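Worksheet for the structure shown next.
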Amino acid sequence: MGATPNARIQVSRVPSKPVRRQDDGTLTIDLWLSRDGVFDSDAALRLTPAEAEILHAQLCYALDDDTAALIVPESKRPDCRRGVATGRRHL
């Protein structure tokens, strides 16, 4: 992607592709890159297991608010997200 002055760049996760563990242990998240609303290219975000754990914990904290109860019922949340409505954190 070449730099264009004032271009609006957006990075989105490819919704149809799951996070994958590679043979070397890294985790890969497929991304779409678009410029000014037009698809430009694919990219892959590769994280070490430690980086993925940190991102996971940061996302749990960032999502730890009252809106979580409106989005996904507690019974369907992953273990780290249960108890959000009561203010407990399971990290």
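The values are calculated or read from the model by the stated rules, or taken from the named source; none is laboratory data. Remember, predicted model here, so these are calculated numbers, not experimental data. A quick note on method: Cβ atoms are made from the backbone with ideal geometry, for glycine too, and the neighbour counts reach across all protein chains shown. Please note that ligands, DNA and RNA were not included when accessible areas were found on the heavy atoms of the full protein model with its side chains. Shrake-Rupley method; radii C 1.70, N 1.55, O 1.52, S 1.80 Å.
Restricting the range 50-70 to residues that are modelled with pLDDT under 70 and not acidic (D, E), the residue that is least open to solvent (accessible area, probe 1.4 Å) is A68.
Scanning the range 20-31 for residues that are touching a Ser or Thr at 6+ places or on another chain (Cβ under 9 Å) and without any contact (Cβ under 8 Å) to a residue 12 or more places away in the chain yields a count of 2. Going through (1) within 13 Å of the chain's Cα centre (by Cα); (2) at pLDDT below 95 one by one, A44 falls short only on (2). Out of all the residues in the range 25-37, is one or more out of contact with any Lys or Arg (no Cβ under 9 Å at 6 or more places or on another chain) and either of a type in the set (A, V, I, L, M, F, W, C) or modelled with pLDDT under 95 (or both)? Checking the range 25-37: at least one residue is out of contact with any Lys or Arg (no Cβ under 9 Å at 6 or more places or on another chain) and either of a type in the set (A, V, I, L, M, F, W, C) or modelled with pLDDT under 95 (or both). Pairs meeting the criteria (first residue in the range 32-49 and on the phi < 0 side of the Ramachandran plot and open to solvent by 70 Å² or more (accessible area, probe 1.4 Å), second residue basic (K, R) and in a strand (DSSP E or B), beta carbons under 8 Å, at least 6 apart or on different chains) are W32/R13.
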